[in-house]
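*Asks:* To start, I am sharing the structure in question, which I have written as structure tokens.
The values are calculated or read from the model by the stated rules, or taken from the named source; none is laboratory data. In this text, all values refer to a predicted model and were calculated from it rather than measured experimentally. With ideal geometry, Cβ positions are generated from the backbone for all residues, glycine too; neighbour counts draw on all protein chains shown.
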Amino acid sequence: MLATVQWSQFWELVTSESSVAALKLSLKTAAMSTLLCILFGVPMAAVLARSHFRGLSVLRSLILLPLVLPPVVGGIALLYTFGRKGLIGEQLEVLGIQIAFSTTAVVLAQTFVALPFLVVSLEGALRTAGTRYEAVASTLGARPTTVLRRVTLPLVLPGLVSGAVLAFARALGEFGATLTFAGSLQGVTRTLPLEIYLQRETDPDAAVALSLVLVVVAVVIVVARDVVATFDVAAGEVTAVLGPNGAGKSTVLAAVAGLHHPRRGLIELNSRVLTDTGRGVALAPHRRGTALLAQEALLFPHLSAAANVAFAPRSAGRSRRDSADSARHWLDAVDAAELADRKPSQLSGGQAQRVAVARALAAEPELLLLDEPMSALDVASAPALRSLLRRVLRTGDRTAVLVTHDALDALALADTVVVLDGGRVVERGDVRTVLTRPRSAFAARIAGINLRSGTMAGDGMLRSPVGVDIAGQTETDLPAGSAAVAVFEPRAVSVYLDPPHGSPRNAFAVTIAEIENRGDVVRVRAEDEAGQPGLSADITASAAAELDLVPGSVATFVVKATETLIYAQGAGS
């Protein structure tokens, strides 16, 4: 296509009156149809994923039917439903409402063909998320609509966004159903695909140029939804991947393990290509040399602990005797030899996770993938498993990637840290540097450090997005206008009901969000503000009582400039 475009006339061809009108109409109607897809697709996906009744398979087939129907057939169905002589259209005609051959018809045609794309994507996300959180919300008195709005949708937001993007892209390129049901009236129903079709006979150069525009718009829209994470893990190194929910951490692990196929990506392990979308390479999970330890032990319930551990070597073709010897070795290595003959149902959570560690190690992976292995354990079992993992990871220079929300996991197990946010790497470096000198809001939050980002002003102070100037100590000269962060410990923050005066200090007007007891101090946390994480202050119990602070109280957090460190913001080394 690129070779046939008349580049000397390209701008003139794509900016003609008819071309611009078609593009504007396409974008407007595709956006409207996407909103309708969300409005109708969310409850449809929820029913398909959460309901069990006779006829569910028939309902699913009807919803997904546009995926296999020729678009022209869909257009005819719409015409016989909403046309002047249609089942519904005839009734609307009496009221003076005409849908066929109007812009409304374009939107309905696009919605008809695009809706299944959103439903399929969201249904998969709902099934993956499970129902545990919804069950908890229901027992707390939330109505089904409240559960859907406040629990379910936030949990599956990435899947919803992905489905909406696909629906928009499909609506943008819709042709057959639109032509049949809406016709081709310039400025009313002639979308860009129809304009391309008409120009094909009268002006082939314009048709090719407009086709390129449509391709570029669709590619930009679809690519914009991808997770983009680029980082390296050195041999014999443990890298912790941190980030908020939905940042893409588990997606990265799934892609490395071969359980998720990225739209674009290159994954290599010891110079061996596991995934290369550019060349169409995608090794099967069992050929990658990776082992995944998930949040739950997921031991095979019909096998004993020893048989679970022996599963990997047996699958690799080793004899029963060698596999049994390997199982005994690894069970002993994780202090679980006495559990060999027990079934998973006879194990506690901590015991099951120890056996799962042995099973993963028995596979002798080149890369061990740990997806929040401590998250499902109680407070007594988690420290024991953390110590066990530290011992086995340090033995034999094992290479591993650890997904976690816990700073203690990163400190105890990892050599380096990568922080993901919105599917992109926002910070990386060795563990101690990232957790003591964070450059991202999430890293600061899990490290328990206050952080304010902004740009350097000409007077050497940091100016926050809301216009607050922050003074502090800088180790190097930072040019005016450069991105920087200011960090300070909660213990360095004083809390006042009224702004004080005196030595150079930074003052922040805040609204109290939470107050919690932390041993010999009280942690006072402020509400988030203007996209910045809430600040925290550690004060004595007597000070908290004297100030009479409660959630919703207005106060001033004050920290001395000498207690504030300012340094450049960036993704780290």
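*Asks:* Tell me which helices (runs of 4 or more DSSP H) are completely within segment 143-209 and hold 1 or more residues being under 17 Å from Met44 (Cβ atoms), or say none if there are none. I'd like the intermediate steps shown before the answer.
*Replies:* Working: elements: 144-147, 157-172, 176-182, 192-202.
It comes to 144-147, 157-172.
*Asks:* Moving on to the next point. Go through segment 102-144 and report how many residues are modelled with pLDDT under 85 and of a type in the set (Phe, Trp, Tyr).
*Replies:* 1
The rows are residues; the columns are (1) crowded, with 24+ Cβ neighbours inside 10 Å; (2) part of a loop (DSSP other than H, G, I, E, B).
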residue: Leu402; (1), (2): yes, no
residue: Leu411; (1), (2): no, no
residue: Val417; (1), (2): yes, no
residue: Val426; (1), (2): no, no
residue: Gly429; (1), (2): no, no
residue: Arg439; (1), (2): yes, yes
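*Asks:* Out of segment 361-392, which residues are part of a helix (DSSP H, G or I) and surrounded by fewer than 24 Cβ atoms within 10 Å (Cβ to Cβ)? Talk me through it step by step, then tell me what you get.
*Replies:* Of all residues in segment 361-392, those part of a helix (DSSP H, G or I) come to 361-362, 381-392.
Listed by number, the residues that qualify are Ser381, Ala382, Pro383, Ala384, Leu385, Arg386, Ser387, Leu388, Arg390, Arg391, Val392.
*Asks:* Would you say Asp548 is at pLDDT 85 or above, out of contact with any Pro (no Cβ under 9 Å at 6 or more places or on another chain) and surrounded by fewer than 13 Cβ atoms within 10 Å (Cβ to Cβ)?
*Replies:* On the way: at pLDDT 85 or above: yes; out of contact with any Pro (no Cβ under 9 Å at 6 or more places or on another chain): yes; surrounded by fewer than 13 Cβ atoms within 10 Å (Cβ to Cβ): yes.
Yes, satisfied.
*Asks:* Right, something else. Being under 27 Å from Arg272 (Cβ atoms), touching a residue at least 40 places away in the same chain (Cβ under 8 Å) and part of a helix (DSSP H, G or I) is true for just one of Ala358, Ala352. Which residue is that?
*Replies:* Ala358
*Asks:* Of Gly124, Gly96, Gly75, Gly41, which residue is out of contact with any His (no Cβ under 6 Å at 6 or more places or on another chain), of a type outside the set (Asp, Glu) and not in a helix (DSSP H, G or I)?
*Replies:* Values: Gly124 fails: not in a helix (DSSP H, G or I); Gly75 fails: not in a helix (DSSP H, G or I); Gly41 fails: not in a helix (DSSP H, G or I).
Matching residue, one of Gly124, Gly96, Gly75, Gly41: Gly96.
*Asks:* Please specify each residue of segment 405-426 satisfying the condition of being modelled with pLDDT of 85 or more and closer than 10 Å to Val241 by Cα.
*Replies:* Matches in segment 405-426: Ala410, Ala414, Thr416, Val417, Val418, Val419.
*Asks:* Can you name the strands (runs of 3 or more DSSP E) wholly within segment 467-562 that have at least 2 residues being closer than 22 Å to Phe442 by Cα and in contact with a Leu (Cβ under 8 Å, 6 or more places away or on another chain)?
*Replies:* Once the strands (runs of 3 or more DSSP E) in segment 467-562 are filtered for at least 2 residues that are closer than 22 Å to Phe442 by Cα and in contact with a Leu (Cβ under 8 Å, 6 or more places away or on another chain), what remains is 483-488, 505-518, 521-526.
*Asks:* Go over the candidates Val119, Val147, Val107, Val156 one by one and state the one that is within 20 Å of Gly183 (Cα to Cα) and either touching a Leu at 6+ places or on another chain (Cβ under 8 Å) or crowded, with 18+ Cβ neighbours inside 10 Å (or both).
*Replies:* Val107
*Asks:* Kindly provide the set of residues from segment 461-493 that are farther than 30 Å from Gly519 by Cβ, free of Cβ contacts under 8 Å to residues at least 60 places away in the same chain and surrounded by fewer than 18 Cβ atoms within 10 Å (Cβ to Cβ), ordered by number.
*Replies:* Scanning segment 461-493 gives Gly467, Asp469, Asp477, Pro479, Ala480, Gly481.
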